[in-house]
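The values are calculated or read from the model by the stated rules, or taken from the named source; none is laboratory data. Since the structure is predicted, the reported quantities are computational estimates derived from the model, not experimental observations. When we count neighbours, we look across all protein chains shown, and the Cβ atoms used for this are built from the backbone with ideal geometry, even at glycine.
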Amino acid sequence: MRYCSPLAMCWQLEAFLIGPGRQLGMMFDPVRIYATAIYIGCVVLALICALLIHSKILTVFAIIFEICALIWYSLSSIPFARRMVSNLMIRLCDTEL
């Protein structure tokens, strides 16, 4: 549980600030539904890797994916933030010279 509880507290903090009903409504908004599903899937994957499989490497990778999913979800709250990060990643990872 110690793997996922700090990241779950981020959502609990946001629910405290704006209210749990509004938070759930925002989580399943069409803009955020994929980020929410990926984040919840990564939380479940991290718990499975840590508690059932007992693989530290898989757990670390699942937690890294979980953090990335939480960042991507958080970017959806800022106007045009996802587009800006996507364009930045395309520019940084572009292999054409």
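For region 47-87, a residue qualifies if it is buried (at least 19 other Cβ atoms within 10 Å of the Cβ), over 8 Å from the mean Cα position of the chain (by Cα) and closer than 22 Å to LEU24 by Cα, but none of them does. Taken over region 52-73, residues that are touching a residue at least 12 places away in the same chain (Cβ under 8 Å) and among the small types (Gly, Ala, Ser) amount to 2. Candidates are the residues of region 25-44 that are over 13 Å from GLU14 (Cβ atoms) and either in contact (Cβ under 8 Å) with a residue 40 or more places away in the chain or of a type outside the set (A, V, I, L, M) (or both); the one that is surrounded by the most Cβ atoms within 10 Å (Cβ to Cβ) is CYS42. Of the helices (runs of 4 or more DSSP H) entirely within the chain, those holding at least 1 residues that are modelled with pLDDT of 85 or more occupy 20-27, 33-47, 56-75, 81-93. Quick check, is GLU96 exposed (fewer than 10 other Cβ atoms within 10 Å of the Cβ) and either over 16 Å from MET26 (Cβ atoms) or not basic (Lys, Arg) (or both)? Criteria met by GLU96.
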